[in-house]
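As structure tokens, the structure follows; a few thoughts come after it.
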Amino acid sequence: MFKKILGMFSSDLAIDLGTANTLVLIKGRGICINEPSVVAIQYDKHGQQRILAVGQEAKDMVGKTPGNIKAIRPMKDGVIADFEITEMMIRYFIEKAHKRKGFFSPRIIICVPYGLTQVERRAVKDSAENAGARYVYLIEEPMAAAIGAGIPVKEPNGNLVVDIGGGTTEIGVISLGGLVLSKSIRVAGDNLDQAIVDYIKRNFNLLIGDRVAEELKITIGTAIPLEEDISTSVRGRDQVEGSLVSIEVTSEHIRSAMKDSLEEVAQALQDVLEKTPPELAGDIVENGIVLTGGGALIRGLDKYLSDIVNLPVYIAEDPLLAVAKGTGIALDELDLLQQTAYED
Ligand SMILES: Nc1ncnc2c1ncn2[C@@H]1O[C@H](COP(=O)(O)OP(=O)(O)OP(=O)(O)O)[C@@H](O)[C@H]1O
Ligand SMILES: [Mg+2]
């Protein structure tokens, strides 16, 4: 009864807890927070840690911090690498959403990377409960991505969604409101950035940081050869001389750097298609494949995948927001969506 009364005054929240970006959506009001999943921690001389910044401010500190400050991505690689800091981050974002709208004791639905262990899921729920949530529900990322991409998930019709985030690529076949088949690989945006760092090191003897690699991926990266190569200059430290130099990098270089990782994504997609029951496979031939997540924005990725699997591939509208939007829709239908939102 008390909970019911509380419910009348609180605005529920949907959170996309991504390894690269965290988005928070307030029921009926849309996305209110969209920030990198980064926490900057300062250590005092007793080794005690204190949060210095969270989100964009913390990301801007990556690679630029003095010794006693560390910018941490607590959810690297699609798993919770640091429980304590993940909890701090969840708390921070919930409190920030709270402050803006002044409500209390909300129901919260959190989209977590697919394949988290029971212990990790429990940790996420506990963090949200400690931050004041009345109920916490979890939803799996491929399902949230599909809902957010506008796929009619409840129909007896097979659909395939590929969400390429920062830490993981998650592939899900969905029908009748459930995940029929899914696969998650730890090859996604971060891994592409790392491949670019390695490539530049190997071919140009130049050391660049993750942020610069990400920038190259976004500005000139491509999955397929371009009619006209584009290029940009990059500064970094020469490994041999130790001096600061500038080199010219082309989209063709970035394509070579990303090639192996993209092949792994294509292979995972093919594996899922091979395991898809024939009736649903027939639907997917009709409906095509939908891409979500930041990786969907890689130039030419839709054509690249389409050529390999021989099926139409579409990019969802606002792919970076699809999971948050889908989680928000699940929040609206919390009472109906027992199949997809589950309580541990
Ligand atoms: N235009 C773009 N081209 C290529 N990659 C991009 C682009 N925009 C963003 N990205 C990449 O998308 C990734 C972030 O995507 P997203 O926010 O969907 O991940 P996430 O949800 O935090 O991660 P995960 O779902 O793995 O937990 C980053 O690696 C980022 O570099
Ligand atoms: Mg995601």
- Task: Could you tell me what percent of the DSSP beta bridges with both partners in the chain are antiparallel, to the nearest 5?
- Result: 70
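Starting from region 190-271, pick out the GluC sites (Glu not before Pro) whose DSSP state is loop and whose Cβ has at most 16 other Cβ atoms within 10 Å.
Qualifying residues, ordered by number: 227, 228, 241.
Rounded, prolate or oblate: pick one for the chain, where a ≥ b ≥ c are the square roots of the eigenvalues of its C-alpha gyration tensor, a/c under 1.5 means rounded, and failing that, prolate if a/b is larger than b/c, else oblate. Mind dumping the intermediate values first?
Working: a/c = 2.29, a/b = 1.15, b/c = 2.00.
It comes out oblate by the Cα gyration axes.
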- Scan around residue 110 for amide H atoms under 5 Å from its own, H built in the peptide plane at 1.01 Å from N, and keep only partners 5 or more places away or cross-chain. 15, 137, 138, 139
- Within straight-line cross-link reach of residue 59, lysines at Cα separation under 16 Å, skipping those fewer than 8 residues along the same chain: 70, 76
- Note on the structure: Exposure-ranked with fewest Cβ neighbours within 10 Å first, 211, 134 stand as 211, 134
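Quick one: order 98, 253 by neighbouring beta-carbon count within 10 Å, fewest to most. If you can, show how the numbers build up before the last one.
Numbers: 98 19, 253 22.
Placing the least packed residue first, the sequence is 98, 253.
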- For region 24-56 and region 174-210, what is the separation of their Cα centres, given in Å? 24
- Note on the structure: If each part is reduced to its alpha-carbon centroid, region 109-145 and region 218-255 end up apart, in Å, by 39
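Quick one: dipole size for region 189-257, taken about the Cα centre, charges +1 on Lys/Arg Cβ and -1 on Asp/Glu Cβ, in debye to the nearest 20.
Numbers: 7 positive and 13 negative charges, 46 e Å.
Rounded to the nearest 20 debye, it is 220 debye.
Please compute the net charge surrounding residue 263, taking Lys and Arg as +1 and Asp and Glu as -1 over other residues with Cβ under 14 Å from its Cβ. The partial results should precede the final answer.
Details: positive: 255, 259; negative: 260, 264, 271, 307.
The answer is -2.
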- Message: Give the lysines whose C-alpha is closer than 22 Å to that of residue 303, dropping any in the same chain fewer than 8 places away, or say none.
- Response: 183, 217, 259
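Determine the alpha carbon to alpha carbon distance for each of 201/275; 27/64; 96/275; 154/275 and list only those over 32 Å. Provide the component values of the computation, followed by the final result.
Numbers: 201/275 39 Å; 27/64 37 Å; 96/275 43 Å; 154/275 21 Å.
Violating the 32 Å Cα-Cα cut-off are 201/275; 27/64; 96/275.
None of the figures in this text is laboratory data; all of them are computed from the coordinates on show. Please read all numbers here as calculations on a predicted model, not as lab measurements. Note that we place each Cβ from the backbone using ideal geometry, even for glycine, and neighbour counts take in every protein chain shown.
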